[in-house]
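Participant: Right, I'll just put the structure down here and ask away after.
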């Protein structure tokens, strides 16, 4: 089955630094990738939709200058949390849509970010 | 705005018991509904996907039903096992969109 690889699985950083999270579709081409954030005991919330070769579409309330998304190829999207603060500590998950299988979304294993 | 509610928030059952997880959504104009499993600190595993035109899907011990008009879905797990312990998430996608709206999940514990 289709695999989405997300790295790193966890990261601890100091406040004010930037962190990059990668999401790769290993055996399929993903024209669209999604980034979600999940706080403890809360539901997954969509942050942004990333389309290959174009600018990401951000959900209301998500700062595009803080959460930089790049989807430069059909197999890679990156999320960079710039100038991270403790309130950015969360679980981030990406998903990718296989353009050969219409509705199916495949999820990465997630990244636990802790900002000290 | 679509809202997805899952009841109960947590459930503990003895091994071997059959159980039902509930999901409701406010806007019946959905494209599909999916059930996911999430293990602690891990990503999501898709369990079942039901198209809006379908009423149920089955995979092994899992059966998911969909009543779009009433905005409800259930996930039935037969003969539960300790390995089924996880958080189960329900998510719907709107018509013409692949974006998902998730519920908060039901945390299931199956006691050996």
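The values are calculated or read from the model by the stated rules, or taken from the named source; none is laboratory data. Owing to the predicted nature of the structure, the values given are computational and were not obtained by experimental measurement. In this analysis, Cβ positions are derived from the backbone assuming ideal geometry, glycine residues included, and neighbour counts consider all displayed protein chains.
Participant: Name the single residue that is farthest from the other protein chains (Cβ to nearest Cβ) among those in the range B:18-41 being closer than 28 Å to residue A:112 by Cβ and crowded, with 17+ Cβ neighbours inside 10 Å.
Facilitator: If we take residues in the range B:18-41 being closer than 28 Å to residue A:112 by Cβ and crowded, with 17+ Cβ neighbours inside 10 Å, then B:21 is farthest from the other protein chains (Cβ to nearest Cβ).
Participant: I'd like to check something: does the range A:60-72 contain any residue that is within 14 Å of chain B (Cβ to nearest Cβ) and either under 24 Å from residue A:13 (Cα atoms) or touching a helix residue (DSSP H, G or I) at 6+ places or on another chain (Cβ under 7 Å) (or both)?
Facilitator: yes
Participant: When the residues of the range A:37-57 are narrowed to those that are over 15 Å from residue A:70 (Cβ atoms) and crowded, with 17+ Cβ neighbours inside 10 Å, which ends up modelled with the lowest pLDDT?
Facilitator: So in the range A:37-57, the residues over 15 Å from residue A:70 (Cβ atoms) come out as A:37-46.
Filter once more, keeping what is crowded, with 17+ Cβ neighbours inside 10 Å: A:37-38, A:43-44, A:46.
On the way: A:37: 93, A:38: 84, A:43: 77, A:44: 82, A:46: 87.
Among those residues, the one meeting the criterion is A:43.
Participant: Now, a different point. Quick check on residue B:60: is it at pLDDT 95 or above, closer than 16 Å to residue B:107 by Cβ and surrounded by fewer than 12 Cβ atoms within 10 Å (Cβ to Cβ)?
Facilitator: No.
Participant: Another one. Any idea how many residues of the range A:1-36 are within 16 Å of the chain's Cα centre (by Cα) and surrounded by fewer than 21 Cβ atoms within 10 Å (Cβ to Cβ)?
Facilitator: 15
Participant: Looking at the range A:15-86, what strands (runs of 3 or more DSSP E) fall wholly within it and have at least 3 residues that are more than 16 Å from residue A:111 (Cα to Cα)?
Facilitator: Result: A:30-38, A:45-51, A:67-73.
Participant: Could you tell me whether the range A:73-84 includes any residue that is surrounded by fewer than 20 Cβ atoms within 10 Å (Cβ to Cβ), within 13 Å of the chain's Cα centre (by Cα) and either within 14 Å of another protein chain (Cβ to nearest Cβ) or within 30 Å of residue B:7 (Cα to Cα) (or both)?
Facilitator: No: the range A:73-84 contains no residue that is surrounded by fewer than 20 Cβ atoms within 10 Å (Cβ to Cβ), within 13 Å of the chain's Cα centre (by Cα) and either within 14 Å of another protein chain (Cβ to nearest Cβ) or within 30 Å of residue B:7 (Cα to Cα) (or both).
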